[in-house]
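Reading through the structure tokens given below for one structure.
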Amino acid sequence: MDALTTAVLKDVTLLVWLALLAGAAAYKILRQLRPAACWNWGGRVNARVYVAADAVVVAALSLLLLGGLRQAGGGASDEPELSAPLVASGIFVQLLAAALLLFYLGRIRGLHAAELFGVRRLSPLRAGAYALLLMLPLLLVVNGVAWAVNAWMQSFWPDLEAQDAVRAFRDSGDTAARAALVIAAVVVAPLVEELVFRGFIYGVIKRFTDAWFAALCSALLFAVVHLHVGSLFPLAVLALLLCAAYELSGSLLVPMLMHALFNLTSLALLLLFPEAAT
């Protein structure tokens, strides 16, 4: 990752972290002034169960992201490589992160993840119907935003390229590596990223602020994690729409399925139109 990209992503992460501190303090004052107003209890996502320790975990995660960006500023490879062992190691790290979060919630906080994230609120069939119903507007909005941002950035951002993973998938001739990346993108990433960003981070921030503020902050952190300035705004919009789907349905299973369908559609389009990858 080049120095300019690193600097932009670091600035965004730092601004989100500062916004979290300021927002939590501001909403606490608002609640003292208007104690009857339940700022964080609207919608179908239950945020009441979270406590200050959970907010500390979210703050630590954002600081770890900031530190990781500092470590990552050593320059990007012009030709990102794709290999099955590399993808497998990434899958392992993501699953480990999810396991640690579930351990924290279950063993330390005493919370039941399936109930907390509304997994049993909808049957898999109904969750799938929700996801399919919401996919068309999501695809239209996110890809429209991506096209507009790409057209805008072409005029001032040097060497605007697709994400490294996209370029590697497009250019790789390694069938095993490509298959591993499909599994990572369509199965593992939706499960882990929705658990961490929509399930935990969004819920905790909502507990101490409100749904709108929580959706915006968690969406920006989600976008930064993908380490690509050109995708920053489109991915933030994707995350906002996934938050909305979570609130509308009350089940984390719905944004998980939508995320999987979005990634699957993106990979299918990449295979059909490799020259359009940006």
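Gain on full extension, evaluated as 0.36 nm per residue between Leu63 and His112 minus their Cα-Cα distance, stands at 15.0 nm.
How much length, in nm to one decimal, is gained on full extension between Phe273 and Leu18, taken as 0.36 nm per residue of separation minus their Cα-Cα distance?
Fully extending the segment from Phe273 to Leu18 adds 87.7 nm.
With contacts taken as Cα pairs under 8 Å at a separation of at least 6 residues, the chain carries a relative contact order of 33 percent. Please compute the modelled spin-label separation between Thr265 and Ser83, points set 7 Å along Cα→Cβ, answer in nm with one decimal. Roughly 3.5 nm, to one decimal. With the chain treated as a Gaussian network of Cα nodes joined by springs under 10 Å, which of Ala114, Ala239, Ala211 yields the largest mean-square fluctuation? Looking only at Ala114, Ala239, Ala211, the largest GNM fluctuation is found for Ala114.
Could you list His259, His228 in order of exposure, starting from the residue whose Cβ has the fewest other Cβ atoms within 10 Å? Don't jump to the answer; show the numbers that get you there.
On the way: His259 25, His228 21.
Arranged by neighbour count, lowest to highest, His259, His228 become His228, His259.
Across all Cα pairs in region 150-262, the calculated P(r) in 10 Å bins from zero up to the longest distance comes to 14, 39, 30, 15, 1 percent per bin. Treating the angle as unsigned and between 0 and 90°, give the value, to the nearest 10°, between the Cα long axis of helix 232-249 and the longest Cα principal axis of the chain. Tilt relative to the chain: about 40 degrees.
With a cut-off of 17 Å on the backbone N, the residues of region 179-213 near the modelled label site 7 Å out from Ala25 along Cα-Cβ are 208-209.
For region 202-272, the relative contact order works out to 20 percent when only alpha carbon pairs closer than 8 Å and six or more residues apart are counted. By the beta-carbon count within 10 Å of each Cβ, the least crowded to most crowded order of Leu61, Leu132, fewest first, is Leu132, Leu61. Approximating the spin labels as points 7 Å out from Cα along Cα→Cβ, the Arg126-to-Val49 distance works out to 1.9 nm. Residues whose amide H lies under 5 Å from that of Trp39, counting only those 5 or more places away or on a different chain, are absent; hydrogens are built 1.01 Å from N in the peptide plane.
Using bins of 5 Å that start at zero, the share of Cα-Cα pairs per bin across the chain amounts to 1, 6, 11, 16, 19, 18, 14, 9, 5, 2, 1, 0, 0, in whole %.
Each Cα pair of region 164-218 feeds into the Kirkwood radius, which the Stokes-Einstein equation turns, at 37 °C and 0.692 mPa s, into a diffusion coefficient of 252 µm²/s.
Working ranking of peptides 95-102, 160-167, 84-91 by packing, defined as the average number of other Cβ atoms within 10 Å per residue, highest first, is 160-167, 84-91, 95-102. With respect to the chain, whose longest principal axis is taken over its alpha-carbon atoms, helix 211-225 is tilted by about 30°.
Can you sort Tyr27, Tyr50 so the residue with the fewest Cβ neighbours within 10 Å comes first? Don't skip to the answer; put the middle values down first.
Details: Tyr27 18, Tyr50 23.
Sorted ascending by nearby Cβ count, the order is Tyr27, Tyr50.
Give the angle, between 0 and 90 degrees and rounded to the nearest 10, that separates the Cα long axis of helix 253-272 from the longest principal axis of the Cα atoms of the chain. It works out to around 10 degrees.
Show me the ranking of peptides 179-187, 139-147 by mean Cβ neighbours inside 10 Å, starting with the highest. Could you put the intermediate results ahead of the total?
Details: 179-187: 17.7, 139-147: 15.3.
Sorting 179-187, 139-147 by mean packing, highest first, produces 179-187, 139-147.
Quick note: the coordinates plus some simple rules give every number you see, no bench work behind them. Source: prediction; values computed, not measured. Please note: Cβ atoms are built from the backbone with ideal geometry, for glycine as well, and neighbour counts cover all protein chains shown.
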